[in-house]
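The values are calculated or read from the model by the stated rules, or taken from the named source; none is laboratory data. Computed from a prediction, not measured in an experiment: that's the story for all the values here. Neighbour counts are summed over all protein chains in view; Cβ atoms, including those assigned to glycine, are modelled from backbone coordinates with ideal geometry. For the accessible areas, the whole protein counts, side chains as well, though only heavy atoms, and no ligand, DNA or RNA atoms are used. Shrake-Rupley method; radii C 1.70, N 1.55, O 1.52, S 1.80 Å.
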Amino acid sequence: MAKLDDPGLFGRQWAASYDTPGNPDPAPAVEFLAGLAGGGPVLELAIGSGRVALPLAARGIPVEGIEASPEMVDLMRAKPGGEAVPVVVGDMADVGVTGPYPLVYLVFNTLFNLTGAGRQEDCFRNVARVLAPGGRFVIEAFVPDPADFDRDEREIQVRAVTEDAVTVRMHRYDREAQTFVRQTITFTDGGVRLQPFGMHYRWPEQIDELAAGAGLRLEARYATWDRAPFEPDSRDHISVYVKP
């Protein structure tokens, strides 16, 4: 059975469909990060298929990456410029690089993919280790909403229906532990395929505590990559932490 704290699980299951249409436009993130990169090099944790890293590198900014899934790295390597980006295959909580970097970033809610006990704390400590003095750690994440939890648990989401298969998705939340398990199930006449996925979500102020524990300070928080003000009803946040 797949372990949800396996850092390469997501890539092995979803690499084949990861770059399908409908994913967020990386351009605003690239513009934001380029403004903090200086002369580089910069480090992307969970670099994936290079959605952000490759356009950032195309601006002349040296980019390096950490990625747990070799399948995701293969996707990036197949793209123009992908072969030129150095990537360490491993768990981003261990940050198997030396730095120093003026900028480390982690996008698309991926901090929450670290579900093992203490692994998000490990990630912050190791990022602090490789940041240059005055360097910044940028995180993009959603703001948890308990109303979403209730809706997700009530509904069975129909993802696809064809003559040959049906795919549905279900969730179960542990509100005390701040975790959830999502199961995507595909039924065919040949059997059933399970694609489990889990997250350990946190509210922005809890992420600030992780940062403070690693010696990092919140410098700025926005609702979008375009620097829209973060408000009480914002659904996402871009948080910038600085190493003194």
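What the table below lists for this structure:
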item: Pairs of Cα atoms farther than 14 Å apart, the stretch 62-137, %; result: 64 percent
item: The stretch 90-178, relative contact order [Cα under 8 Å, separation at least 6], %; result: 27 percent
item: Share of alpha-carbon pairs per 10 Å distance bin for the stretch 31-73, given as whole %; result: 31, 54, 15, 0
item: Added length on full extension, which subtracts the Cα-Cα distance from 0.36 nm per residue, Arg154 to Thr98; result: 15.6 nm
item: Of all accessible heavy-atom area on the stretch 174-244, the percent that carbon and sulfur account for (1.4 Å); result: 52 percent
item: Area accessible to solvent at Glu31, 1.4 Å probe radius, in Å²; result: 110 Å²
item: 18 Å tail of the calculated P(r), the stretch 93-219, as % of Cα pairs; result: 61 percent
item: Relative contact order (%) - criterion: Cα under 8 Å, at least six apart; region: the chain; result: 17 percent
item: 5 angstrom amide H check on Gly135, placed H, neighbours 5+ away; result: Lys243
item: Simple label model, 7 Å out from Cα along Cβ direction - Ala147 to Leu36, nm; result: 2.9 nm
item: Solvent accessible area, Å² - Asp148, 1.4 Å probe, full protein context; result: 30 Å²
item: Whole-angstrom Cα spans of the stretch 29-171 along principal axes, big to small; result: 50, 34, 27
item: Surface per residue (accessible, 1.4 Å probe) for the stretch 122-244, Å²; result: 54 Å²
item: Within the stretch 44-59, backbone nitrogen closer than 20 Å to the virtual label 7 Å beyond the Cα of Ala27 toward Cβ; result: 50-59
item: Table column - 3J(HN,Hα) (Hz), the stretch 231-242, Karplus curve with 6.51, -1.76, 1.60, x for Gly and Pro; result: 10, x, 9, 5, 9, 9, 8, 10, 10, 10, 10, 10
item: Shape parameters for the chain, alpha-carbon atoms, Rg then Dmax in Å; result: 18.1, 59
item: Residues whose placed amide H lies under 5 Å from that of Gly65, excluding near-sequence neighbours; result: Glu44, Val87, Val88
item: Relative contact order, percent, the stretch 41-95 [alpha-carbon distance under 8 Å, six or more residues apart]; result: 40 percent
item: Under-5 Å amide H pairs with Gly198, H placed in peptide plane, nonlocal only; result: Arg182
item: Share, in percent, of DSSP beta bridges within the chain that are antiparallel, nearest 5; result: 70 percent
item: Within the accessible area of the stretch 35-118 (1.4 Å probe), percent carbon and sulfur; result: 58 percent
item: Unit Cα scatterers, Debye sum, the stretch 162-215: log10 I(q)/I(0) for q = 0.30 Å⁻¹; result: -1.08
